[in-house]
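Below is one structure, written out as structure tokens; the observations come after it.
The values are calculated or read from the model by the stated rules, or taken from the named source; none is laboratory data. What you see is a predicted model; the values in this text were computed from it and never measured. We place every Cβ from the backbone using ideal geometry, glycine too, and count neighbours over all the protein chains shown.
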Amino acid sequence: MTLRIDPERNEVHALKGMADWRGKRVLEIGCGNGRLTRRIANLGTQVIAIDPDRKLITTARKELPARISERVRFRVGSAQELKYPKETFDIVVFAWSL
Amino acid sequence: MVHALREAQGVLQPDGILFDLRPEPVHRRVGILSDAGYQEIGVMREDLTDDYFANRAVKQVLREGLFRSEKHIEFNCNRVMDTLNDFRTWLLDFVDRGNPSQDSLLERVEHAHLTLRGRKKIIVSAPLMLRRLRNLAR
């Protein structure tokens, strides 16, 4: 199936225009297959990306390019219970998940 | 949803940023881009209740003083499908996730797809909103 979501990259352009992302620690909630995660990582961030769907997390890991793999971690998880220490992240993104 | 926003605040640095990125509570529009240009075919039927609840949750945490709303923008987001089968597959998945039947829309898209000449792409578009909230925790 050929489906391209946001081929114009409007999402990441909008995000880029609203914060200084370089070097920031980012939590993305609702990462799905990692489509937006990869674009956020390309802004120079360290990203932990979570989604409750284990299958989607598996796909996201498979599709992660090697050049950003050191800066991205995918985890199965839910916004209802974030298992991270207080004040871990500079930026939290609810990606179509609130 | 309010609980999720509170959880997020807990893991954010003081003065950190929370982005809320999601579709506006507006029905998606479906059209076909062909050699003849773009032709809008119809509008999808979908339950927007969760979107309204999400808006309400954001308002609540703003009222509680957990965050400050700093900026809010809207922009368009397209899904582009090259074939009718791609659209059918995507639509089936959409309905399987609890949305109303889209049979009437599918019929109109199929008809227009047959009628239009040349290369065609099916485009589903929806306005997205991006809201930047500043963490006010000390």
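Per-structure values
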read-out	value
Top-ranked residue in region B:85-118 [being among the small types (Gly, Ala, Ser) and surrounded by fewer than 16 Cβ atoms within 10 Å (Cβ to Cβ); ranked as modelled with the highest pLDDT]	B:Ser104
Given (1) free of Cβ contacts under 8 Å to residues at least 40 places away in the same chain; (2) within 12 Å of chain A (Cβ to nearest Cβ), number of the condition B:His72 does not satisfy	(1)
Residue list for region B:2-56, restricted to those being modelled with pLDDT under 90, buried (at least 17 other Cβ atoms within 10 Å of the Cβ) and farther than 18 Å from B:Phe75 by Cβ	B:Glu46
Enumeration of residues in region A:1-24 that are surrounded by 15 or more Cβ atoms within 10 Å (Cβ to Cβ) and either of a type in the set (Gly, Ala, Ser) or more than 8 Å from every other protein chain (Cβ to nearest Cβ) (or both)	A:Val12, A:Ala14, A:Lys16, A:Ala19, A:Trp21, A:Lys24
Subset of region A:70-98 (residues that are more than 7 Å from every other protein chain (Cβ to nearest Cβ), under 21 Å from A:Leu15 (Cα atoms) and modelled with pLDDT under 95)	A:Ser97
Output for region B:123-138, where each listed residue is within 30 Å of B:Ser34 (Cα to Cα) and of a type in the set (A, V, I, L, M, F, W, C)	B:Ile123, B:Val124, B:Ala126, B:Leu128, B:Met129
When residues of region A:25-39 are limited to those that are touching a residue at least 40 places away in the same chain (Cβ under 8 Å) and assigned to a loop (DSSP other than H, G, I, E, B), the one surrounded by the fewest Cβ atoms within 10 Å (Cβ to Cβ)	A:Gly32
Filter result (closer than 21 Å to B:Leu128 by Cα, more than 7 Å from chain A (Cβ to nearest Cβ) and either small (Gly, Ala, Ser) or in a loop (DSSP other than H, G, I, E, B) (or both)) within region B:1-45	B:Glu24, B:Pro25, B:Val26, B:His27, B:Arg28, B:Gly31, B:Gly42, B:Met44, B:Arg45
Residue satisfying condition, being touching a Phe, Trp or Tyr at 6+ places or on another chain (Cβ under 6 Å) and under 29 Å from B:Asn55 (Cβ atoms), within set B:Leu133, B:Leu91	B:Leu133
Among (1) within 18 Å of A:Ser97 (Cα to Cα); (2) among the aromatic types (Phe, Trp, Tyr); (3) without any contact (Cβ under 8 Å) to a residue 40 or more places away in the chain; (4) touching a strand residue (DSSP E or B) at 6+ places or on another chain (Cβ under 7 Å), the one test that B:Trp90 misses	(1)
Residue match in region B:59-77 (condition: under 16 Å from the mean Cα position of the chain (by Cα) and crowded, with 18+ Cβ neighbours inside 10 Å)	yes
